[in-house]
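> Mind looking over this structure? Questions follow.
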Amino acid sequence: MNAPYDPHAVAPSGAPAATARLTVHSPEQMQELGRRLAKLLRPGDLVLLTGQLGAGKTTLTRGLGEGMGVRGAVTSPTFVIARVHPSLSGGPALVHVDAYRLGGGLDEMEDLDLDVSLPDSVVVVEWGDGKVEDLSDDRLHVVIGRTEGDETVENDEREVVVTGVGPRWAAADLSPLAG
C-alpha cells in the first residue's frame, strides 16, 4: 500500500482504534464489502478511502450506495469533484467526493460545503488523506492495497484495512465487514 497509514492507530481517548483487515478477491466482493459497510453507517459519518488508482475505491462506494438505497448510479466523481445521491428510503444521502485533483487541504474543500452536508449525510471522500480529517473527530479510514505478487499478472486481490477513528468508532464492532 502506498498511503500513509498507522496500523497501530489509537482513538483520541487512547484506546486502540477499531480495526478490520480482510482480503477481497474480486470487484464483486469489493462491492459486497461496501454493502456490508453501509449497514454500519449513519448520518454524520465520514469515510476516507485511500488506495492506488484502480484499487477499488469507487467500486466500494458503489456497494455503499446500493446498501444505503440511494438514487443514481455511483460513478467516479473525478471531474465533477462531488456527487450527492439522495436516499430512496428516507435514510441519509450519500455524498461521494473525489479529492484527487484538489491540492489544498480543508480550505479548498470548504467550497464543497461538506461541513454542511455531513450532519445529515454519509460523506465518502476518495483521496481525502490530509485534506478532510478536520471535518470530524469520528471517521472511518479505509485503505485498499493490491496484494504482493507478480505485477505482470492481472490480480484483482486486494488487502483492505478499515480503521475507526474517534469516540464513535473506538468500541465499534467491525467484524460484520468480514462477511
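Since every read-out is calculated from the coordinates, none of them should be taken as a lab result. As the structure is a prediction and not an experimental result, all values here were calculated from the model. All Cβ positions, glycine included, derive from the backbone under ideal geometry; neighbour counts span all protein chains shown.
> At 7 Å along the Cα-to-beta-carbon direction for both D173 and T147, put a label point, then send me their distance in nm to one decimal.
2.8 nm
> Also, quick follow-up: Per-residue counts of other Cβ atoms within 10 Å, averaged by peptide: what ranking do you get for 165-171, 88-94, highest first?
Sorting 165-171, 88-94 by mean packing, highest first, produces 165-171, 88-94.
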